[in-house]
Structures are given as C-alpha cells and as structure tokens.
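Some notes on the structure that comes next.
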Amino acid sequence: MASVKKVITREEWEKRLNDVKIRKEDMNKLVMNFLVTEGYVEAAEKFRMESGTEPDIDLATISDRMAVKKAVQCGNVEDAIEKVNDLNPEILDTNPQLFFHLQQQRLIELIRNGKIEEALEFAQEELAPRGEENQSFLEELERTVSLLAFEDVSNCPVGELLDISQRLKTASEVNAAILTSQSHEKDPKLPSLLKMLIWAQNQLDEKVAFPRINDLSKATLEDPTV
Amino acid sequence: MNSNNSNNGKNSSFDSLSQDFGLYFLELARIGSSKAPVEMDEDEEVVPNELNTINSSAGFLVVAPDKLSVKYTAVSLHGHDVGVVQANYPVPVKRLVYYFEIYVKDAGAKGQIAIGFTCEGFKMRRQPGWEVNSCGYHGDDGLLYRGQGKGEAFGPTYTTGDTVGGGINFASQEFFFTKNGAIVGTAIKEKEMNRCLFPTIAVHSQNEEVCVNFGQKKFAFDLKEYEAQERLKQQMTIEKIPLPPNISYGLVRAYLLHYGYEDTLNSFDLASKSTIPPICIAQENGFDDQDIMYALNQRKTVRQLIRNGEIDAAMNKLRDWYPQIVQDDKSAACFLLHCQKFVELIRVGALEEAVKHGRIELAKFLGLPEENLFDALVMDCVALLAYECPQESCFGYLLKESRRDVVADTINAMILSTNPKMKDVQGCLQSYLERLLRQLTACCLERRLANGGQGEAFQLHRLLN
C-alpha cells in the first residue's frame, strides 16, 4: 500500500514563504553579479549608481573582456588574441587548450573566407605542431582541415564548425578564462540558484505535497497536487 | 501578509494597504538592523568545545584542567571499566559535516583507544560502539563497532603519535573516520540511530593518554576541502538541470522594472540588442511587462530623491503625482518618510530642526494602540538626539544608507499599488526573483525538516558573502 504523503496547504506554505528573510542588499548583489559576469558594463555602472551596490569586480576590466569576446564572436580572432595578451599574457600561456581553440577558429575563418592557400599555410605552421603534442588537438585539426575537402560545406559532416555557434563556444571559453585569471567565478550565480530551485522542489516532492512554482518566469504558486 | 486589521473601520482599503506595506518593509528592515542579528541565522546551534567532566566515568580516568585531554588511571580488568568521555555538547546537525580529532599522546599498555559518537545516557563504562546508539573506531584492532560487541573490519590500527578524526556527513548520512589526515573508511548512519549524538573518546588500558581537538586548532584532515568536494558533488548534479532560455536575463530585467531602476534597465536593454546572438524575450517566455512598466520614470525619480536624503522633495513629488499616498498624515508611508526626514536632519547636525520636526510629525505616532513597530522606531529615532556621534551609537543603524532604501522600496510598492491593472498585492511587494528565492529557501528548509532536521539549508546571504 502506498504511503500517504504529507500535504502542506497553500495557506500554510504561504506563511512559510513569508517567514523567509531575504535581504534587499543580497538580491542587489545577485543582480550585480549577473551584470558583471555577463559583461553588461554600462548597466553595471548605472546599477551601482541607482542602487548603491558595489560590483565584485573592477568594472574597467569588464570592457576589456567584452572587447575580446566580441572580437571572437565577429570572427576577428587575431585581434582577440592580441587583446587577450594585452590584458594578461599569462592567460594564453597557461591555457594551451584555449589557445588551440583560438587558432582553430582562425583557421575556420580563413577557410570561410575562401583563403585556401593561407589556410593551408597556417594549418601547417601553427596548428600541426600543436597537433603533434596532443592527440585531441590532432583530431580537431583533422576535422577542421577536412572542411577544405568539400565544395558544399553546408552539407558536410563537419559543417557545424562554420556555424556561428562555434564562434560563440570559443568566445565563451575566452570569457571564462579571463574571468578565472581575475580570480572571479566564470559563471553568474543566478542560473545556479534557479537550477537549485528546480532540484529542491523535485527533492521535496518525493516526501511532501506542497505548492510548487512550475513557471519560473511568472513565479506563481500552483496548488499542491494531492 | 496580514489581511486588514480589524481596528480602524474608517480606513479606506488603500490606507490599510499602506499600513501593511509599511509594516512589511519595516519588518524586513529589522533584519539589517543591529537589533535582530541572532534571528537571522536559524542554523545557530551550540558547538562542542571541551570534554564533559560531569558524566565521564570518573574513577577510571582523569580529565585535564583544560578539559581537552584525558588519561586512564585505573588498571583495566574487564569490559566494564572503560574510561569514556563525551563532549560537553552534542553534534550540531544543521550543517553539511561535523568533525573532530584526537591525538594519541600515549597508547599506554594496550592502546585500547576509541573515537566515535555516543548517545545521551550512554553507559559510560563501555567502549563507544559496544552498545546501541553508538559507534566507535578502535585503535587496538582498527575495527568499527556499531552497537554490538563484535566489530567489523574498517581501517588501520592506530597508536602513539597518531591523529585520528571522527565525523558525520549529513548529506550522505554517513560516519567517516580519518587517520593522520586521510580518510580510512565510512559507515552508514542508520535512520534508527538516536538523533542526539555526542563526540566521544575512550581510553581503557594503563597510562593511555589522549588529547582532543574540537576545532580550536587546525585539523590534520583538510575538512574545508572535504566540504568543498561534497558541495561540488551536489552542485554537479544540479548544474545538469536545464533551464528555459534567457530566464536569468528575463528575471533580472523584471527585477529592474519592479524596483524602478530605469537607467540600469535602459543600459541593459541597449546592450542586449547588440548581444550575439540577440536576446529577445518574446511573449512566449511569459514575461509580461505591462504591470511593472507602470510609472517607471516616476518611481525612479522618487527613489533617487529618497536615496539622496531629499525627503521633502520626494514628498512634494508624491503630492503632485500620487496624493493618495501621502494624503493621510497617519499613514505608514508618511510615517516612514517623516522618520527618515528626522534621521536626515540628525545626520547633518540640525538637531533643533529635528526636534521641531519630531514634535510636529512624529509625536502623533506614539501611543497608537495597534502598531508597536511604529512606537519602537520613533523611540529609536529620537534616541539619536542623545549622542554626540549618533553613527557610533547602538541606534546608528538608522543612519545607514540602506535605511533610505527601505523607505524607497515602500514608496515604490505604494506607487505600484495604484496601478489599476495590478492584480495582487504580492506583485507590488515582491519581484519574481524574490518570490523564487523565497520558494528555494522554504523548499530547502522543509526538505531538511523531512530529513530529520539534519544538513545544510539554503541561505542566500551565506552564498553571496
């Protein structure tokens, strides 16, 4: 016989919600952390003025980081690499995988722009030596070079390399590496908290029936299902 | 949220709303004040810090004056003359892990030392683990005893010079023991086992001597790293959970709208247009700005004035735009504004003016039958007059900038409530983000309750600081 779950009524649950103490300053910090990690510099500045919340990172460094990210997103990888080295030469030195991915992106952009000879030269001089050092780099290199074999790249098995999502992936990687080098967490805290909410509700659901919030965007309580 | 107070029948529903809002934010503000620091941390528990000399098996052992070491003084003859000592307080359970260590100064004749956990009322002449509701890791045979005379193979033996630790992991509901900084084994903590357990050490042969460390000194075991690893395990499970696209972005935007942070919002929107890929929260995502876009510029203006301490200017704006909020002199909105004005006058040293203002505007709030929160606040404000350096007094919290925010948030909520489209009161008081955070906290607390009150619960403040 199935055991009966304890049921918490809406009224009872709302009382518990009201007993929770959330400080405004903490919510402001959470929002500031989001703005700063995601790179919304001006918004972070304005938020500091309008709410009196101090950012947990030097705002000046955000612009630099965003410039690098943008450069990669637009396919200007050489420019991005230069900027990263200006920011902190150690980042690429201590991050061989990141450096390889940036070089790989450079190769992709050359192929995209039809500069075949340049692409081949670049692959041979810059990427092949890296490939020799590392098996997974070698595989990536092979995948990228194989783009050259196809007339119609939109249909080939490695076509995704030419997709904008590849640029975004690399941009994200650079962004994270810069944040880490600045001793800052590379992800904003807010999404983790939202995931934690979903997880906590599911965990609690196993033992107790209670009003859930199923639509995070509206934050409305649903009556407990008995 | 209380429904209407029964008292003032002639209050319009708007006034009682104002009352409720005022009280709501005042209550919230108390968290930040020096007056209610302890309330904040519900996870406050007493922590063991020395040995209990009252219930130890005196006659077989002697505890040092510092209550942090014990020596066996008898000649052990049988299994019922063990020298057992518990800590002065039980293991605190509202945390991820509890841990303590012993250092074996002298293994004596037979090295029959034990470290473990026992319940209240444990038979103090028996080794931990030899009776129910106890467990012990014994140094002479390296076995783990869990409520029976027969032990199970567990770890290495230990002797003079070794540091041995015992801990409880509340997330995995396990005991674990360490030797010289490394974990030697774990064992499930049965559900039936007594909730209240005491850290326990025991000595049983001539001249055995053991010191205990309840955290006053650095542990040989890297507890912080262990805790971090545990949290990481949980974190990794949670990270895999998918989220609807752009939900964080949408919640941040809604937050800015809710509180009237217009300039930030504009910068935010501008930046999002040039994001790659561009962020668009279409209606499908569920965000409905209609309600919270209301009076954005006015709310921003009033907030800025209040944040700058320009209370009179703020009140003038309100008289122009939302007279209903400041019409009733005795409304909570007026009360908060006048209190803040009083505080601002004190801040700039205009004490005479402050007194004048207080007599005109604040005195009427004293002695009101219902709200003793109003009373208390007025008294605290007035008390500031007595100090040459009010900021350093125990009422100094009133001069903090965050107090201005309390007033600003209240007025913000009041303006939102004038929106004919506003469906419910909660919409004025709490942003979506806040509601989600409350739900998260409540769920974690309830979950912990369902797990026998053990383990870590979510606390936003701890996560951010």
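The values are calculated or read from the model by the stated rules, or taken from the named source; none is laboratory data. Bear in mind that the values here come from a model prediction, so they are computed numbers and not experimental data. FYI the Cβ positions are ideal-geometry reconstructions off the backbone, even for glycines, and counts take in every protein chain you see. Heads up: the accessible areas ignore ligands, DNA and RNA and are worked out on the full protein's heavy atoms, side chains in. Shrake-Rupley method; radii C 1.70, N 1.55, O 1.52, S 1.80 Å.
For the stretch B:400-465, the relative contact order works out to 19 percent when only alpha carbon pairs closer than 8 Å and six or more residues apart are counted.
Think of chain B as having a plus end and a minus end, set by charges on the Cβ of Lys, Arg, Asp and Glu; of B:L385, B:N297, B:I238, B:I238 sits farthest toward the positive end of this dipole. Taking the Cα atoms only, what angle lies between the long axis of helix A:164-181 and the longest principal axis of chain A, rounded to 10 degrees? For A:164-181 against chain A, the angle is about 70 degrees. Projecting the alpha carbon convex hull of chain B along each direction and taking the average yields 29.4 nm². Relative to the dominant Cα principal axis of chain B, helix B:401-417 is inclined by about 60°. Summing both sides, the accessible surface hidden between A and B at a 1.4 Å probe radius is close to 6100 Å².
Cβ-Cβ distance of A:F150 and A:D205, R₀ of 51 Å, FRET efficiency by 1/(1 + (r/R0)^6): the value works out to about 0.55. A full extension of the chain between B:S274 and B:V46 corresponds to an added length of 76.7 nm, given 0.36 nm per residue minus the alpha carbon distance. A simple charge model with +1 on the Cβ of Lys and Arg, -1 on the Cβ of Asp and Glu and nothing else charged puts the dipole of the protein assembly as shown at about 2220 debye relative to its Cα centre.
Subtracting the Cα-Cα distance of B:L463 and B:I241 from 0.36 nm times their residue separation leaves 78.0 nm of extension gain.
Relative to the current alpha-carbon distance between B:T157 and B:I188, full extension at 0.36 nm per residue lengthens the span by 9.1 nm. Close amide H pairs (under 5 Å, H built 1.01 Å from N) link B:Y294 with no residue at least 5 positions away or on another chain. In order along the stretch B:88-101, phi translates into HN-Hα couplings of 6, 10, x, 4, x, 9, 8, 8, 6, 9, 10, 7, 8, 9 Hz, rounded to whole numbers, per the Karplus curve 6.51 cos²θ - 1.76 cosθ + 1.60 with θ = phi - 60° and x for Gly and Pro. Listed cross-link partners B:K94/B:K189; A:K24/A:K218; B:K317/B:K341; B:K71/B:K110 are compared with a 18 Å cut-off, the Cα-Cα value being larger for A:K24/A:K218.
Carbon and sulfur atoms: what percent of the 1.4 Å accessible area of the protein assembly as shown do they account for?
Answer for the protein assembly as shown is 50 percent, counting heavy atoms of protein chains only.
Here each label is just a point 7 Å from Cα along the line to Cβ, and for A:S172 and A:V158 those points are 2.2 nm apart. Given axes a ≥ b ≥ c from the Cα gyration tensor, I'd like to know whether the stretch B:199-343 is rounded (a/c under 1.5), prolate (a/b larger than b/c) or oblate. Verdict is oblate for the stretch B:199-343.
Counting only heavy atoms of the protein chains and using a 1.4 Å probe, A:E206 has close to 140 Å² of accessible surface. Once backbone amide H atoms are built at 1.01 Å from N, B:E174 has B:N169, B:K189 as its partners under 5 Å, excluding neighbours fewer than 5 places away on the same chain.
Using Cβ point charges alone (K and R +1, D and E -1), the dipole size of the stretch B:52-124 about the Cα centre works out to roughly 120 debye. Taking loop as defined by DSSP and a crowding limit of 13 other beta carbons within 10 Å, which GluC sites (Glu not before Pro) in the stretch A:124-165 fit? Listed in order of number, the matching sites are A:E151.
Principal-axis analysis of the Cα atoms of chain B puts helix B:432-450 at an angle of about 30° to the longest axis. Quick check: from the Cα gyration tensor, does the protein assembly as shown come out rounded (a/c under 1.5), prolate or oblate? Since a/c reaches 1.5 but b/c is at least a/b, the shape of the protein assembly as shown is classed as oblate.
Accessible area per residue of the protein assembly as shown at 1.4 Å probe, in Å²?
47 Å²
Here the Karplus curve 6.51 cos²θ - 1.76 cosθ + 1.60, taken at θ = phi - 60°, turns the phi angles of the stretch A:186-196 into couplings of 7, 10, x, 7, 4, x, 4, 5, 5, 5, 4 Hz, with x standing for Gly and Pro.
For A:A209, the residues 5 or more places off, or on other chains, whose built amide H falls under 5 Å of its own are A:K6, A:V7, A:I8. With a Förster radius of 45 Å applied to the C-beta separation of B:K150 and A:D215, the computed FRET efficiency comes to 0.20.
Normalised by the number of residues in chain A, the average gap of Cα pairs under 8 Å and 6 or more apart makes the relative contact order 26 percent. In order along the stretch B:112-121, the phi-based Karplus estimate (6.51 cos²θ - 1.76 cosθ + 1.60, θ = phi - 60°) of 3J(HN,Hα) comes to 8, 9, 9, 10, x, 9, 9, 8, 5, x Hz; Gly and Pro are listed as x. Each of the peptides B:390-396, A:195-201 was scored by the mean count of other Cβ atoms within 10 Å over its residues; in descending order, highest first, they stand as A:195-201, B:390-396. With the Cα gyration tensor of the stretch B:48-213 giving a ≥ b ≥ c as the square roots of its eigenvalues, does the rule (a/c under 1.5 for rounded; else a/b larger than b/c for prolate; else oblate) give rounded, prolate or oblate? Rounded shape, in that the Cα axes give a/c under 1.5.
Farthest toward the positive end of the dipole of chain A, out of A:L127, A:P89, A:I178, is the Cα of A:I178, where the dipole comes from beta carbon charges about the Cα centre. Charge tally for A:N33 (other residues, Cβ to Cβ under 13 Å; Lys, Arg +1; Asp, Glu -1): -3.
With R₀ set to 56 Å, the beta-carbon distance separating A:M49 from B:A74 gives a calculated FRET efficiency near 0.15. Computed about its Cα centre, the charge dipole of the stretch B:48-213 is approximately 320 debye, with only Lys, Arg, Asp and Glu carrying charge at their Cβ.
The listed residues B:M293, B:M379 rank as B:M379, B:M293 when sorted by accessible area, largest first, using a 1.4 Å probe. Find which of B:H80, B:F122, B:C339 sits farthest along the positive direction of the dipole of chain B, computed with +1 on the beta-carbon of Lys and Arg, -1 on that of Asp and Glu, about the Cα centre. Farthest towards the positive pole: B:H80.
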